[in-house]
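Since the structure comes first, as structure tokens, the remarks are kept for the end.
Every number in this text was worked out from the coordinates using simple rules, so none of it is lab data. Since we're looking at a predicted model, the values are computed, not measured. Glycine gets a Cβ as well: all are built from the backbone with ideal geometry, and neighbour counts include every protein chain shown.
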Amino acid sequence: MAGAMKFAHLTDIHLPIPSKPSMGSLMNKRLLGYLSWTRKRRHRHKIEAANALADDIAGQNCGAVLISGDLVNIALPAEYRAARKWVDEKLSDIPVVFTPGNHDTYVATDWDKTLGLFANEMRGDHGDGDARPTSGAKDFPYVASIGDDVAVIAVNSSPPTAPGLASGSLGQEQLSRLEKMLLPMESDKFRVLMLHHPITDGVVSIRKGLNDAKELRSLIAKYGVDLVLHGHAHVPHENFIDTPSGPAPVIGGASASHVHGHGKISPARCNYFSIARAAAGWMITMEIRQWNNETGLVETIETKTYERPLRENAA
């Protein structure tokens, strides 16, 4: 599409745990996560599928890659070092915009040894007008620009939770900062809101849901965004959310490392979005590309289009 800004959306990559953790590092919630990984999840998430999608992105002329969380599994420093190497090797030529998932914040960690390794992938305007790397787990939201027309608003829905929970929360402080960012943002920018947890009902169970989704939807209904991207469910989803200029699409990505499809779960997928100005607003084209376990190739399985009118300035 001529003149369009194209970007890729990956989520729930769950790169493999690089080596057996020490017993000392598992004396918390990580023990349950590691048992889950060794018994089930390592058979579902395979690096070859994630590699194939990353290689596909490299040939798609994308202006950015958006990753909506769960790079790792139990937030070990060794996992983050391996993830840093993977991103550097596979996505080195494309700007990456990242926000954490619940597995990236599985337990409270030393920022500099874990998420802080991706501070530059969380670079943007934090509300003070200057683009800078994110400095901590509470230093959200931030706004990253993609080209001249697209603004990605990244929020952190993934504070550490108790064993057995995978729920999310933004918290009042982050919601307040988000409102301040949405209010003055230029009306002619295409706004993408990215977070890990779904914001519409029924996508995941209460145990995995976003506790303050209602409050977030209220902000969107008041100020508006044009596209919402999330992960977490490992299942592709399409929903819509109310905004001042009509319903906006909410797209949940499938896991980027599943090797097989079982039931609702698809093999590894990447969604490509092309955003172009139209006569009365924006044209969104979404191309869904999926890994074929038998051939090892990534193939287009569906293309969808959405229209968004230009947004009026919020009152």
Between H103 and residues 5 or more places away or on another chain, the pairs with built amide H atoms under 5 Å apart involve D70
For segment 1-155, the convex hull over Cα atoms projects on average to an area in nm² of 9.6 nm²
In this structure, among K29/K304; K6/K264; K29/K222; K6/K40; K90/K222, pairs with alpha-carbon gaps over 30 Å are K29/K304; K29/K222; K6/K40; K90/K222
Filtering GluC sites (Glu not before Pro) in segment 176-257 by DSSP loop and by at most 12 other Cβ atoms within 10 Å leaves E186
Dividing the surface of the Cα convex hull of segment 115-157 by four yields a projected area in nm² of 3.0 nm²
So I265 and D112, fully extended at 0.36 nm per residue minus their Cα-Cα distance, gain in nm 51.7 nm
Once the dipole of the chain is set up from charges on Cβ (+1 Lys and Arg, -1 Asp and Glu), the residue from the list L76, W37, T305 lying farthest towards its positive end is W37
If amide H atoms are modeled at 1.01 Å from N in the peptide plane, then the residues at a separation of 5 or more from W282, or on another chain, having amide H under 5 Å from its own are R308, L310
Of 227-237, 279-289, ordering from highest average Cβ density within 10 Å down gives 227-237, 279-289
When L178, L32 are arranged by how many other beta-carbons sit within 10 Å of their Cβ, fewest first, they go L32, L178
Taking every alpha carbon pair in segment 137-289 and sorting the distances into 5 angstrom bins from 0 up to the bin holding the longest one, the percent per bin comes out as 2, 9, 18, 22, 21, 16, 9, 4, 1, 0, 0
Shape call for segment 263-315, from the Cα gyration tensor axes a ≥ b ≥ c (a/c under 1.5 means rounded, otherwise prolate when a/b beats b/c, else oblate), comes out prolate
Expressed in angstrom and rounded, the centroid-to-centroid distance over alpha carbons for segment 227-242 and segment 77-130 is 22 Å
With +1 on the Cβ of every Lys and Arg and -1 on the Cβ of every Asp and Glu, the dipole magnitude of the chain about its Cα centre, in debye rounded to the nearest 20, is 1140 debye
What helix-only [θ] at 222 nm does the chain give? Using -39500 (n - 2.57) per DSSP H run of at least 4, over all residues, to the nearest 500, the answer is -5500 deg cm²/dmol
The computed P(r) of the chain puts the percent of Cα pairs beyond 31 Å at 24 percent
Relative contact order in percent for the chain (Cα pairs under 8 Å, 6+ apart) equals 19 percent
Of the candidates T243, Y142, T11, the farthest towards the positive dipole end of the chain (Lys/Arg Cβ +1, Asp/Glu Cβ -1, centred on the Cα centre) is T11
Percent antiparallel among DSSP beta bridges confined to the chain, nearest 5, equals 70 percent
A correct fewest-to-most ranking of Y142, Y223 by other Cβ atoms within 10 Å would be Y223, Y142
Cross-link reach from K138 to aspartates and glutamates, straight Cα distance under 15 Å and at least 8 residues apart if same chain, gives D104, D110, D112, D125, E173
Taking every other residue with Cβ under 12 Å from the Cβ of R269 and scoring Lys and Arg +1, Asp and Glu -1, one gets -4
Answer in debye to the nearest 20: the dipole magnitude of segment 1-137 about its Cα centre, from +1 Lys/Arg and -1 Asp/Glu charges placed on Cβ, is 800 debye
Burial-style ranking of 89-95, 109-115, average other-beta-carbon count within 10 Å with highest first, yields 109-115, 89-95
